[in-house]
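Note sheet for the following structure.
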Amino acid sequence: MAAMRLPTLFIAGFALTFFTEVSAQSNLETTQLCVGDHAQVITAEVADTLTTRARGLMQRESLQPHHGMLFRYDSVRPGHNGFWMYQTLIPLDIAFIDSNHRIVRIMQMQPCTSIDPANCPSYRPGKEYQSALEMDFGYFQDVGIAVGDTLREAKNGSCAGTE
């Protein structure tokens, strides 16, 4: 009887840890953003700690329309530092943003199916950046967002008059 309780307790503990992690990830602070002269507000979860940036959008099966994740850093990152798609289930667009809030590079990223993270490609912008915005695959092209556009916070849930 005691031997059967140990695996049950282990599984229950694992499940509690896993669901707590998933719940914590989906309860990240969000911000509303505007890009360039586009009227569409983007809602982005904010990843601004080592843990939230490392986890990113891993294990997400989808994103809501006009939703993504904003990765914020305290200092400028060199252009050879990049992102990977290990344990990420959906293809994504990424916009690398400099310290002046200007998009310096947009890339499209595919999920990495390898169980070994060392086999996953790294997506490097080749230019310094201080934040990055991940959105659904094709989002930036579909809405006309391009390199050189500027990112800013929405005012009262609107992009009107925020430039």
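We did not get these values from a lab; they are worked out from the coordinates using the rules stated. Every value quoted in this text rests on a predicted model; they were computed, and no experiment measured them. No Cβ is skipped: glycine too gets one built from the backbone with ideal geometry, and neighbour counts run over all protein chains shown.
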- line: region 75-124, Kirkwood Rh and Cα Rg, ratio Rg/Rh at 1.02
query: Can you run phi through the Karplus equation (6.51, -1.76, 1.60; θ = phi - 60°) for region 83-96 and list ³J(HN,Hα) in whole Hz, with x for Gly and Pro?
result: 10, 10, 10, 4, 6, 9, 8, 10, x, 9, 9, 9, 10, 8
- line: For region 29-153, the charge dipole (Cβ of Lys, Arg +1; Cβ of Asp, Glu -1; about the Cα centre) points to a positive end, and the Cα of GLY144, ILE115, CYS34 closest to that extreme belongs to ILE115
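Regarding region 29-153, what is the average projected area of its C-alpha convex hull, in nm²?
Values: hull surface 28.2 nm².
Spelled out: convex hull of the Cα atoms, projected over all directions, averaged, 7.1 nm².
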